[in-house]
Amino acid sequence: LRAPAWSPDGRRLAYLRQRYGMGQVVVQAWAEPGDTDAARPAPATTTLAAQVVGFAWFPGGQAVAVTTAGRRGRGLQVRPVDGVAAGDVAVLPPGPGHVSWAAGAAPPELPAVEIAGAVPVTGAPDARPGLATLAGIEVPGARIHAGLADDFAALRADVRAATGRDFLGTLADAWRPLGFKSSGSAFFSWHKTGRAFDTQMELWGPGGRRDMVLVRDEAGGRTQWRMFLRAGAQDGSAGRPLFEPGWTFAAGSGDAGLAQAGGRRGATVPGGYWVDFTALAARYGWHRIPSIGRGRLDWRRSWTGIEYWHYERRDGLRWFEAARQVYDDAALAEALHPDRLRALDVSLGRLAGLGFPAGWPGES
């Protein structure tokens, strides 16, 4: 529970709650002094919005403005305290931003909203953040989108504080050059935009103690993985207990009996307190991706397709739009010219869907 805030009239208390990666704004009605059983809160009204990262009370206390961060980008919503959603107000540009109320001409029933500190990033050359170096991190391709470097550093610090270990001080992968091609990854990988990183794939403690647990999630017919890391302090001040066993993978084991399910859940629930890395990363806009469940990269048989280690931040951008934030047009035209893509046996059929402009150099 975090960020408690009283409503302007002092009758309600709102706070943020994270449960399994889902951000929730809880609005708790509170009895006034002098009311019967004043010390006892009334039943809570809970308002849900996916990946809530912040909120602000309306000046009249009749609603809260909610900021969200998901794989499609950042957004602003209005949520009345009676739980009836008023819907989206705006799509916010990438980057940090805060919600504040504008003084002056706003009607009392719906105060105007200003977005402070959130400046849209355009494709113009003078607005490109470019790439920044991931200093002090062991990783091939130690670079990241410059506009995300501070958020990554803050996430790294939060994980270190909660686990007592610099888990993100060593990564399996980060930035890749534009022309990189591998049979184990998509050519138009988000790594190339500086908006993706791969964590370590294992984490062990003293005496071979397992300090990473992966829990299987199913959503919309897709398999995803929630990553838990052992909390540094085991006194309940960080993390939470686990409620189900972790997963043991069968990929590459040759065990035909396990291949159909891709492995098995453990027999027991690990004890102690665990930090939900997946939820913590989502607070900073970094989101996991589903496992690949088709073709030669089917995660049940191919380790490469599991992808529990991969986190990316798209901020509602398409791939080419994101690439233009870190490369100038000349570099993009040279590395991604249709003739070069054909030579690399890269399909051109998806270019429009990736945000490439019509008539991309030499392509009709």
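The values are calculated or read from the model by the stated rules, or taken from the named source; none is laboratory data. Model, not experiment: these values are computed from the prediction. Quick reminder, even Gly has a Cβ in these numbers, built from the backbone with ideal geometry, and neighbours come from all protein chains shown. Side chains included, ligands, DNA and RNA excluded: accessible areas come from the protein's heavy atoms. Shrake-Rupley method; radii C 1.70, N 1.55, O 1.52, S 1.80 Å.
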Next item on the list: Taking Ala219 as meeting all but one of (1) open to solvent by less than 10 Å² (accessible area, probe 1.4 Å); (2) under 17 Å from the mean Cα position of the chain (by Cα), write down the number of the exception.
Entry: (1)
Next item on the list: Can you run down the residue pairs with Cβ atoms below 6 Å, 6 or more apart or on separate chains, where the first is in segment 192-218 and on the phi > 0 side of the Ramachandran plot and touching a residue at least 24 places away in the same chain (Cβ under 8 Å) and the partner is surrounded by 15 or more Cβ atoms within 10 Å (Cβ to Cβ) and in a strand (DSSP E or B)?
Entry: Gly194/Leu131; Gly194/Ile144; Gly194/His145
Note to self: Considering only segment 334-343, I want to know if a residue exists there that is under 29 Å from Asp151 (Cβ atoms), open to solvent by 60 Å² or more (accessible area, probe 1.4 Å) and not hydroxyl-bearing (Ser, Thr, Tyr).
What the structure shows: no
Checklist line | Selection count, segment 279-294, where residues are open to solvent by less than 30 Å² (accessible area, probe 1.4 Å), part of a loop (DSSP other than H, G, I, E, B) and small (Gly, Ala, Ser) | finding: 2
Check: Only one of these conditions is not met by Gly252: (1) at pLDDT 90 or above; (2) in contact with a helix residue (DSSP H, G or I) (Cβ under 6 Å, 6 or more places away or on another chain); (3) farther than 25 Å from His287 by Cα. Which number is it?
Finding: (1)
Next item on the list: Specify the residue that is nearest to Tyr284 (Cα to Cα); the eligible residues are those in segment 295-327 that are assigned to a loop (DSSP other than H, G, I, E, B), at pLDDT below 90 and charged (D, E, K, R).
Entry: Asp315
Next item on the list: Please work out which residue is farthest from Trp309 (Cα to Cα), limiting yourself to segment 177-188 and to residues that are touching a Ser or Thr at 6+ places or on another chain (Cβ under 9 Å) and surrounded by 11 or more Cβ atoms within 10 Å (Cβ to Cβ).
Entry: Phe180
Margin query: Given the condition in a loop (DSSP other than H, G, I, E, B), at pLDDT 95 or above and in contact with a Phe, Trp or Tyr (Cβ under 9 Å, 6 or more places away or on another chain), answer yes or no: does some residue in segment 154-171 qualify?
Written below: yes
Next item on the list: May I ask you to say which residue of Gly359, Gly353, Gly349 is outside any helix (DSSP H, G or I), surrounded by fewer than 16 Cβ atoms within 10 Å (Cβ to Cβ) and at pLDDT 90 or above?
Entry: Gly353
Next item on the list: Return the residue satisfying two criteria in turn: it lies in segment 51-61 and is buried (at least 16 other Cβ atoms within 10 Å of the Cβ) and in a loop (DSSP other than H, G, I, E, B), and of such residues it is modelled with the highest pLDDT.
Entry: Phe58
Next item on the list: Take Trp274 and decide whether it is under 30 Å from Asp235 (Cβ atoms) and among the aromatic types (Phe, Trp, Tyr).
Entry: yes
Margin query: Please determine whether any residue of segment 303-317 is touching a Gly at 6+ places or on another chain (Cβ under 6 Å), surrounded by fewer than 18 Cβ atoms within 10 Å (Cβ to Cβ), without any contact (Cβ under 8 Å) to a residue 40 or more places away in the chain and of a type outside the set (Gly, Ala, Ser).
Written below: no
Check: Of the residues in segment 133-160, how many are farther than 14 Å from Ala281 by Cα and either among the aromatic types (Phe, Trp, Tyr) or without any contact (Cβ under 8 Å) to a residue 24 or more places away in the chain (or both)?
Finding: 2
Next item on the list: Specify the residue that is farthest from Leu1 (Cα to Cα); the eligible residues are those in segment 225-278 that are hydrophobic (A, V, I, L, M, F, W, C) and open to solvent by 30 Å² or more (accessible area, probe 1.4 Å).
Entry: Ala256
Margin query: Would you confirm whether or not segment 194-215 contains a residue that is open to solvent by less than 50 Å² (accessible area, probe 1.4 Å), under 20 Å from the mean Cα position of the chain (by Cα), modelled with pLDDT of 95 or more and more than 20 Å from Ala279 (Cβ to Cβ)?
Written below: yes
